[in-house]
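Asker: Structure below; questions to follow.
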Amino acid sequence: MSNKKVLKYGMVGGGPGSFIGGVHRKAAKFDGEAKIVSGAFSRTYEKTLQTGNKLGLEEDRLYKNYKEMAKKEASRADGIDFVAIVVPNKFHYPVAKEFLNQGINVICDKPLTVTLDEAKELEELTRKNGLLFGVTYVYSGYPMVKQARELVQSGELGEIRVIQGEYPQEWLAEPVEKEGNKQAEWRTDPGLSGSANCVGDIGTHIENTVAYISNLKIESLAANLSIFGKGRELDDNAEMLVKFENGATGSFWCSQVAVGHDNGLKVRVYGTKGSLVWKQEDPNYLELSYLHKPKEILSRGRDELQPTAADAVRLPGGHPEGFYEAFSNIYANFTTALKDKKQGKKVDPDHYDYPDVSEGVQGVQFIETCLESSDQNSKWIDLN
Ligand SMILES: NC(=O)c1ccc[n+]([C@@H]2O[C@H](COP(=O)([O-])OP(=O)(O)OC[C@H]3O[C@@H](n4cnc5c(N)ncnc54)[C@H](O)[C@@H]3O)[C@@H](O)[C@H]2O)c1
């Protein structure tokens, strides 16, 4: 691939000591399709300079704030093709809006926004301005999640009856937000996190992964959000009962106080003919069971997979792939769509297999409905 075709991008967030910004940068680098050229990596300019210098960026492309960055990048002939937004949840909306208004494509982390109205506004603006908007729901980037999707949606498991999803973590079992843990500080602060913590941080991953695999819409849900950490204002544990449009039922559990768990995302899908289990901490395998047959374990890189799953595989079986590779698969599909768009092709995000702004809206609707239900003593609420 000629260098000319390499996309240029900028980043908002991802300064010194941050978590996901560095993952985005590695993911974008994986296939050499996009090169970082600018940033407002922090609210403190010195920290932006520190990160920018470390990345070898030109100083005139390091900005004091995201507004200046959006304006100046939009006015340059060699301006960025897209911006990656990796700031705390509350800032996703104002930052994304600024870049969309300047005609710049966006890739943003989840949850898309902290209110449904904001999320819908971003979706409308994206469509109105003819731009692309990816939301990095990373788990849809795993080959074995793609394989699960193919099996469920081709009817291999029969009619889907039950879906169980869980995402337990232990990192907020103690008040680390009071002990200098930056990621915990903003996640437990309603002014930065929004009205939800645990559900917005990891419950949303369950919803998106289940929706990606099953293509089933949640019709209604009942949720119970709890706060176990003393003095906390936002949830750190939640259970949800869900009913899907086809009559299937399920339950989701997310927790940040589940001692013994790191990032235990697990999805189980049960149909009339078979079932599957995918675990993010053992992501290279997919457990399958069919009625009257011995259990099977499909191995990524060894066993024959459906084309969308096989295309996402980067290494032979037994060489573990994980979070970085899944993230890079999302970037690869997003940048392919963007390159096609730049060449004048009509781009329908549904055909490129990356999470689009509409999945972001769906995620925020799920979060808001969980909050609404829990506030009303776990009343069942329709999602329309
Ligand atoms: N997709 C995933 O699996 C995944 C994983 C982790 C985090 N996330 C999401 O990524 C986002 C960031 O999370 P994190 O854990 O990396 O947080 P973090 O606290 O580690 O990093 C946030 C960064 O944003 C910077 N920042 C804050 N406000 C800013 C502003 N106005 N302008 C410029 N920079 C600003 C901070 O200085 C910091 O560098 C969150 O929305 C989170 O939900 C997603």
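The values are calculated or read from the model by the stated rules, or taken from the named source; none is laboratory data. This structure is a prediction, so every number in the text was calculated from the model and none was measured. Every residue, glycine among them, receives a Cβ derived from its backbone with ideal geometry; neighbour counts consider all protein chains shown. Note: accessible area is taken over every heavy atom of the protein model, side chains too, but ligands, DNA and RNA are not part of it. Shrake-Rupley method; radii C 1.70, N 1.55, O 1.52, S 1.80 Å.
Asker: Looking at the range 30-48 only, could you name the residues that are more than 8 Å from the ligand (Cβ to nearest atom) and within 17 Å of VAL106 (Cα to Cα)?
Answerer: GLU33, ALA34, LYS35, ILE36, VAL37, SER38, GLY39
Asker: Identify the residue in the range 1-24 that is within 12 Å of the ligand (Cβ to nearest atom) and free of Cβ contacts under 8 Å to residues at least 40 places away in the same chain and, among all such residues, is nearest to VAL135 (Cα to Cα).
Answerer: Out of the qualifying residues, it is GLY22.
Asker: Where in the range 167-271 are the helices (runs of 4 or more DSSP H), entirely inside, with at least 2 residues that are modelled with pLDDT of 95 or more, within 14 Å of the ligand (Cβ to nearest atom) and open to solvent by less than 10 Å² (accessible area, probe 1.4 Å)?
Answerer: Once the helices (runs of 4 or more DSSP H) in the range 167-271 are filtered for at least 2 residues that are modelled with pLDDT of 95 or more, within 14 Å of the ligand (Cβ to nearest atom) and open to solvent by less than 10 Å² (accessible area, probe 1.4 Å), what remains is 204-214.
Asker: Anything in the range 281-291 that is open to solvent by less than 60 Å² (accessible area, probe 1.4 Å) and out of contact with any strand residue (DSSP E or B) (no Cβ under 7 Å at 6 or more places or on another chain)? List them, or say none.
Answerer: PRO283
Asker: Related question: Filtering the range 305-334 down to residues that are part of a loop (DSSP other than H, G, I, E, B) and without any contact (Cβ under 8 Å) to a residue 60 or more places away in the chain, which residue is surrounded by the most Cβ atoms within 10 Å (Cβ to Cβ)?
Answerer: Per the stated criteria, the residue is ARG314.
Asker: Looking only at the range 42-51, decide whether some residue is outside the structural domain of SER195 (by TED's automatic domain parsing), over 30 Å from SER195 (Cβ atoms) and touching a Lys or Arg at 6+ places or on another chain (Cβ under 9 Å).
Answerer: The answer is yes; a qualifying residue exists.
Asker: Could I ask something else about it? Report every pair of residues separated by at least 6 positions or lying on different chains whose Cβ atoms are under 6 Å apart, first residue within the range 359-384 and open to solvent by 60 Å² or more (accessible area, probe 1.4 Å), second not in a helix (DSSP H, G or I).
Answerer: GLU372/ILE381; TRP380/SER220; TRP380/ALA222; ASP382/SER220
Asker: Could you please let me know if LEU100 is on the phi < 0 side of the Ramachandran plot, surrounded by fewer than 23 Cβ atoms within 10 Å (Cβ to Cβ) and either in contact with a Cys (Cβ under 9 Å, 6 or more places away or on another chain) or not assigned by TED's automatic domain parsing to the domain that holds ASN197 (or both)?
Answerer: no
Asker: Could you list, in sequence order, the residues of the range 335-351 that are within 25 Å of SER154 (Cα to Cα) and open to solvent by 60 Å² or more (accessible area, probe 1.4 Å)?
Answerer: Result: ASP348, ASP350, HIS351.
Listed here are the residues, each with its yes/no results for (1) closer than 20 Å to GLU185 by Cβ; (2) hydroxyl-bearing (Ser, Thr, Tyr).
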site	(1), (2)
MET11	no, no
LYS64	no, no
SER75	no, yes
ILE80	no, no
ASN89	yes, no
LYS97	no, no
